[in-house]
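The values are calculated or read from the model by the stated rules, or taken from the named source; none is laboratory data. Since we're looking at a predicted model, the values are computed, not measured. A quick note on method: Cβ atoms are made from the backbone with ideal geometry, for glycine too, and the neighbour counts reach across all protein chains shown. Heavy atoms of the whole protein, side chains included, go into the accessibility calculation; ligands, DNA and RNA do not. Shrake-Rupley method; radii C 1.70, N 1.55, O 1.52, S 1.80 Å.
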Amino acid sequence: MQTILKSFHSVKARRYLETVKPLNTRVTKNNNFSTTTVRRVPSLSVISSSMKYGAIAAVSYGAYKMYYWRHPRVQAPMDPDKKTIVVLGSGWASTSFLKDIDTKYYNLIVISPRNYFLFTPLLPSSTVGTVDLKSIIEPIRFTSRHKTRDIKVYEAECTRIDPENKTVTIKDVPSNKVKEPERSVTYDYLVLGVGARNSTFGVQGVDRYGCFLKEAKDARKIHNRLMACVENAALPGQSPEEVKRLLHMVIVGGGATGIEYAAELHDFLIDDLRTWYPDLADKVKISLVEALPSVLPQFSQKLIKYTEGNFRKQDITIHTKTMVKEVREKELVVKTPDDSIETIPYGLLVWATGNTTTPLVNDLIQKFPEAQTHKKGLVVDDWMRLKGCEDIYAFGDATATRYAPTGQVASQQGKYLARYFKQLYIRQALEEQLKKGLGEKEKEKVEKKFERVKEIKPFHYSHHGSLW
């Protein structure tokens, strides 16, 4: 080390070498000479300083982001020279579109009966208190407020679409007021993400006595009714038959939602009810009613057998090939596999049999009878455009595509459509430039740019795995 230090007359070099120590020495011998190479590593003081400054930088960046999210910047007003996109809905597809759309190119108006995005995969967990309902809700205005340009958000319901005049008719969501006036909103492009509604298959009594599992209000209703059944069963003087009925929880529908809720309900009984209601825990019964020969018909046989086996171990009764004919206040009327009619008493009834189209979608289908031939949703092309109308786009559960109606598909559709509109704006702007009298060099540059954005790639869903 002394030999090496003598060759450095700079004070800075000497100070640097004092902060490092040799790791090992490697000697390379040759016929005429030999060299010695010393590899060095930073000392602990240098490492600790780097970690300290890195931690300070990370904390500073996190504090800045927190301040930014709580104190958004001033937004630019809506530009009357820009085209207006009206988005209907605040689900997976619409929220994904809203987050990725560049408001520098368009004015945006969001119309939805609910002013928040609901993380539906955790909705069954919120019914039993595993997660708080507020933790799976994100306000739409939080997303819109952090965009560069102002976005109008209307908590209203769209009742009618006029494709010829490019207007939508909206009204206030149900309130205590006797009558609300209808209003019209004009659009240049319309994006439909209104989703679907619960399907009852025409069974009487479902709307009145059953509980759906699609919205935040449904989760509250299920939670309140579940706890009411347990508390009523704990009252003194209840007959054994009434206690048995109150503690019989029935889920109709063997799809993903019904299976997930049955599992959540079972976990609630094991983790909580056995602790706080030890006298009632062993009396609770869970039943699953499915009209098809097996549960989870859209999944593989291996998964179906695994699910049925687990449910048998957990004492969850599965009634397959059983069709609900009528829902009464305290019992179900079902048709069994041998075509006999039976009644099933229940305390809580959760109806999770699938979805159907909304009245708004049905009305739009009737306006384009030649192009809209699918009864389960709107028919769109590979660019999410509504067949029969070039200015209307649709995604999510409101459409009938070859993809499964899942949140993953809807989220990717929303991101794709945001990129689509950006490329569409750039392409239209370049077309306007080409119509003007440009010089040869400038025209050549514009033509090259136009060739890059001329063709817009169609939507392609990329599957990243499944929780099932």
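Observations on the structure shown:
- Net charge of Cβ neighbours under 14 Å - reference Leu430; Lys, Arg +1; Asp, Glu -1: +3
- Three-way shape call for the stretch 136-214 based on the alpha-carbon gyration tensor, with the a/c threshold at 1.5: prolate
- Computed from the C-alpha gyration tensor, the three semi-axes of the ellipsoid equivalent to the stretch 387-468 are 35, 14, 8 Å, from longest to shortest.
- Accessible solvent surface per residue of the chain, calculated while the other protein chains remain in place, 1.4 angstrom probe, Å²: 60
- Over 24 Å apart at the Cα level, from the set Lys152/Lys422; Lys83/Lys449; Lys83/Lys422; Lys221/Lys375; Lys65/Lys104, are Lys221/Lys375.
- Restricting the stretch 257-358 to GluC sites (Glu not before Pro) in coil, as DSSP defines it, with at most 11 other Cβ within 10 Å: Glu329
- Relative packing of 60-66, 180-186, which averages over residues the other C-beta atoms within 10 Å, highest first: 180-186, 60-66
- With every protein chain in place, the chain: carbon and sulfur % of accessible area (1.4 Å): 52
- With the highest mean first, a sort of the peptides 160-166, 233-239 on other beta-carbon atoms found within 10 angstrom per residue produces 160-166, 233-239.
- The stretch 375-430 gives an Rg/Rh value of 1.01, both radii derived from C-alpha positions and Rh following Kirkwood.
- Cα gyration tensor of the stretch 221-369 - equivalent ellipsoid semi-axes, whole Å, descending: 30, 19, 17
- Cut-off 10 Å between beta-carbons: net charge of the residues surrounding Lys244, Lys and Arg +1, Asp and Glu -1: +1
- Estimated [θ] at 222 nm from DSSP helical runs (n ≥ 4, -39500 (n - 2.57)) normalised by residues in the chain, nearest 500: -11000 deg cm²/dmol
- Across the protein chains, with a 1.4 Å probe defining accessible surface, the residues Ser294, Ser135 rank Ser135, Ser294 from largest area downward.
- Semi-axis lengths, Å, the stretch 231-304, gyration tensor of Cα atoms, sqrt of 5 times eigenvalues: 29, 14, 8
- Crossing angle, helix 44-70 versus the chain [Cα axis fit, 0-90 degrees, rounded to tens]: 40
- Cα-based shape type of the chain, given that a ≥ b ≥ c are square roots of the gyration tensor eigenvalues and the cut on a/c is 1.5: oblate
- Derived scalar couplings ³J(HN,Hα) [the stretch 265-277; Karplus, 6.51 cos²θ - 1.76 cosθ + 1.60; whole Hz; x for Gly, Pro]: 5, 5, 4, 5, 5, 6, 7, 10, 5, 5, 7, 8, 10
- Principal-axis tilt of helix 301-313 within the chain, Cα atoms, nearest 10 degrees: 60
- DSSP finds beta bridges in the stretch 287-432, and of those with both partners inside it, around 75 percent are antiparallel.
- Taking amide H as placed 1.01 Å from N in the peptide plane, the amide H of Glu331 sits under 5 Å from that of Tyr346, each at least 5 places away or on another chain.
- Karplus-derived 3J(HN,Hα) values for the stretch 156-173, using 6.51 cos²θ - 1.76 cosθ + 1.60 with θ = phi - 60°, are 8, 10, 7, 9, 7, 10, 10, x, 5, 8, 6, 9, 10, 9, 10, 9, 5, 5 Hz; glycine and proline are entered as x.
- Three-way shape label, the stretch 116-163, alpha-carbon gyration tensor, a/c 1.5: oblate
- Taking N as its residue count, the alpha carbon Rg of the stretch 300-444 over 2.2 N^0.38 Å: 1.72
- With every protein chain in place and a 1.4 angstrom probe, the accessible-area ranking of Tyr261, Tyr53, Tyr425, Tyr105, largest first, reads Tyr53, Tyr425, Tyr105, Tyr261.
- Length-normalised contact order of the chain in % [C-alpha pairs under 8 Å, at least 6 apart]: 15
- Coupling constants for the stretch 253-258 follow from the phi torsions by the Karplus curve (6.51 cos²θ - 1.76 cosθ + 1.60, θ = phi - 60°), and in residue order they are x, x, x, 4, 5, x Hz; glycine and proline get x.
- Angle between the chain longest axis and helix 216-233 axis [Cα atoms, degrees, rounded to 10]: 50
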